[in-house]
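Below is one structure, written out as C-alpha cells; the observations come after it.
The values are calculated or read from the model by the stated rules, or taken from the named source; none is laboratory data. Note that the structure is predicted; figures quoted are calculated from it, not measured. Here the Cβ positions follow ideal geometry from the backbone for every residue, glycine too, while neighbour counts run over all protein chains shown.
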Amino acid sequence: MDRIIIEGRNKLSGSVRISGSKNAALPIIASTILTAKACVLTNVPMLNDVLVMNKLLKTVGGEAEFSGSSLFIHNKSISNFKAPYDLVKTMRASVYVMGALLGRYREAEVALPGGCVIGERPINLHLQGFEKLGAKINIEHGYIRAKAKKLKGAEINLDVVSVGATANIIMAATLAEGKTVLRNAASEPHIVDLANFLNKLGARITGQGTKVIEIRGVSELKGGKYAITPDYIEAGTFLVAAGITGSKITLENSPVKDLEIILNKLTEAGCKIKISGSKITAQGIERPNPANIETQPYPGFPTDMQAQWSALMALSSGASIINETIWEKRFMHIPELNRMGANISVKGNTAVVEGVAGLSGAPVMVSDLRAGASLVLAGLRAKGTTEISRIYHLDRGYEQIEKKFEALGARIKRVK
Ligand code: EPZ
C-alpha cells in the first residue's frame with residue numbers, strides 16, 4: 001500500500017491551483033441520469049470517488065468518458081436501475097443515483113450503505129423525502145427499492161440539515177409533477193452548484209443557498225456544459241497549511257465567497273489574508289493564536305475542516321476548544337496527532353487542545369479523508385520524518401496532494 005513520507009519543518013511558498021469540488025462533482029455526475037441529452041462537465045477533479053461515480057454511471061448503462069479534467073456524459077437510455085453493493089460499499093455517495101434514477105425512471109434499487117468510520121450515517125431523510133414525493137420504499141436483502149407510478153411535488157421538512165438528503169430530493173423532484181418545497185435544506189456550496197447545473201439543463205430550482213428550496217417540476221431536461229465549482233475544503237486545507245507552517249501561500253481559482261468563516265477563523269488565529277479576485281494569499285505565523293470552533297452546517301464552520309483545524313490548534317500559543325456536532329466519531333485523527341506530540345484530550349463531542357511549541361514526526365495512520373489531511377499538515381510542521389499509511393483515503397478527495405505540496409516546496413513523497 002502507498003504511503004506518504006514527509007520531512008517537515010521547511011517553509012512553503014508559491015501558488016497552488018484549487019481543483020473542482022469533490023462534493024459538488026459527485027451529485028452533479030449522478031444527476032446527469034436525469035437527462036437523455038449529452039452533458040459536458042469541466043473542472044472535474046480526478047479523484048477515486050469521482051472514478052467510482054463514473055463507474056456507477058456506466059453500470060446503470062450511461063456513457064461517460066474523461067478527457068483531462070472534462071467529463072463527457074451521455075445517458076441516452078439507462079438499462080438497469082440497480083446500484084450494486086460492491087460499488088456502494090466503497091463510496092456512500094453512490095446513494096445519489098437513487099434520486100436521479102427515481103426522478104427519470106420512477107424506479108431505483110441501491111444497496112443500503114453501511115456504517116462509516118466517522119459516524120452512523122443514516123439515510124432515513126432521503127427515503128422520507130422520496131416517500132413524500134409518492135415513491136414506495138422497500139428494504140430487503142440489504143437493498144433499498146424505490147418505485148413510483150408518478151412523482152408529485154410535496155412539502156418536505158428535513159428534521160436534520162442533510163447535504164445528501166437535500167441533493168437526492170432535489171434530483172427526484174426535478175422531473176416530478178408540480179412544486180416541491182424543501183425546508184431546513186442544506187445550503188452548502190455543493191448544493192448550490194448542483195441546483196445551478198440542473199437549472200442550466202432546464203430545471204426550475206430556486207432558493208439554493210438558503211434554507212428553503214423550491215423545485216417546480218419540468219417534463220424533461222436538455223444537455224449542457226458546466227464547470228464544477230472549486231473545492232472550498234481543499235482551499236481551506238491549503239490555507240491551514242500556510243497557517244501551520246508559518247508560510248506564505250497563494251491559492252488560485254479559489255471560491256472566495258464560500259470560505260468566509262474559514263478566512264475569519266484564520267484571521268483570528270493570526271494569519272494575514274489578502275484577497276484579489278479569485279486569488280487568496282495567506283501568511284501564517286510561528287505559533288497561531290488559539291481559536292475555538294464548533295462544526296455546523298453551512299455557513300457554519302464545516303465538519304470537513306475540523307481535523308485540519310485540530311492540527312493547526314495543536315501548535316497554537318494557548319488552549320482551544322473544538323466541538324464536533326455533525327459526526328459523532330470524527331476525532332480519529334486526535335490520537336494520531338498526539339503520537340506526534342500534540343496535547344489534545346477528547347470527551348464526547350469536544351476536544352480540548354493545549355497548544356504545544358512543536359510536533360515530532362512519527363509513523364501515523366489515516367482513518368478517513370480529512371483525518372488524512374490533518375496528518376499531512378501536522379507532518380509538514382513536525383520536526384523529522386512523518387510516515388503516513390492508508391493514504392488511499394486521501395486519494396478519494398484530494399487531487400495529487402503530494403504533488404501540490406511538493407510544488408510549494410514541501411519535502412514530501414509518495415512511496416509504494
Ligand atoms: C456530506 O455527507 C459530505 N459528503 C460529507 O463530506 C460531509 O461531512 C457532510 O455532508 C456534512 O457536511 C458528500 O457531500 C459526498 P449529511 P452526507 O447527510 O450527505 C444526519 C468529506 O470529508 N443525517 O449532511 O452523508 C447525519 O447523521 C465528507 O468530504 C440523518 O440523521 O452528510 C449527520 O449527523 C465526509 N439522516 C447529519 O445529518 C439522514 O437521512 C449531516 O449528514 C441523513 C443525515
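One table, with the values for the structure above:
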read-out: Lone unmet requirement of (1) modelled with pLDDT of 95 or more; (2) under 27 Å from Ala282 (Cβ atoms); (3) in a loop (DSSP other than H, G, I, E, B) for Ala25; value: (3)
read-out: Residue within region 339-356 that is touching a Leu at 6+ places or on another chain (Cβ under 6 Å), of a type in the set (A, V, I, L, M, F, W, C) and assigned to a loop (DSSP other than H, G, I, E, B) present; value: yes
read-out: Which listed residue is in contact with a Phe, Trp or Tyr (Cβ under 8 Å, 6 or more places away or on another chain) and at pLDDT 95 or above, from Tyr96, Tyr105; value: Tyr105
read-out: Positions within region 115-142 being surrounded by 14 or more Cβ atoms within 10 Å (Cβ to Cβ) and not in a loop (DSSP other than H, G, I, E, B), in sequence order; value: Gly119, Leu125, His126, Leu127, Gln128, Gly129, Phe130, Glu131, Lys132, Ile137
read-out: In region 263-308, the residues that are within 16 Å of the ligand (Cβ to nearest atom), touching a strand residue (DSSP E or B) at 6+ places or on another chain (Cβ under 6 Å) and part of a helix (DSSP H, G or I); value: Thr303, Gln306
read-out: Members of region 208-236 that are part of a loop (DSSP other than H, G, I, E, B) and within 17 Å of the chain's Cα centre (by Cα); value: Gly209, Ile228, Thr229, Asp231
read-out: Only one of Arg396, Arg370 that is in the same structural domain as Ala319 (by TED's automatic domain parsing), out of contact with any Phe, Trp or Tyr (no Cβ under 7 Å at 6 or more places or on another chain) and buried (at least 24 other Cβ atoms within 10 Å of the Cβ); value: Arg370
read-out: Scope region 168-190; condition among the hydrophobic types (A, V, I, L, M, F, W, C), in contact (Cβ under 8 Å) with a residue 60 or more places away in the chain and within 15 Å of the ligand (Cβ to nearest atom); matching residues; value: Ile169, Ile170, Met171, Ala172, Ala186
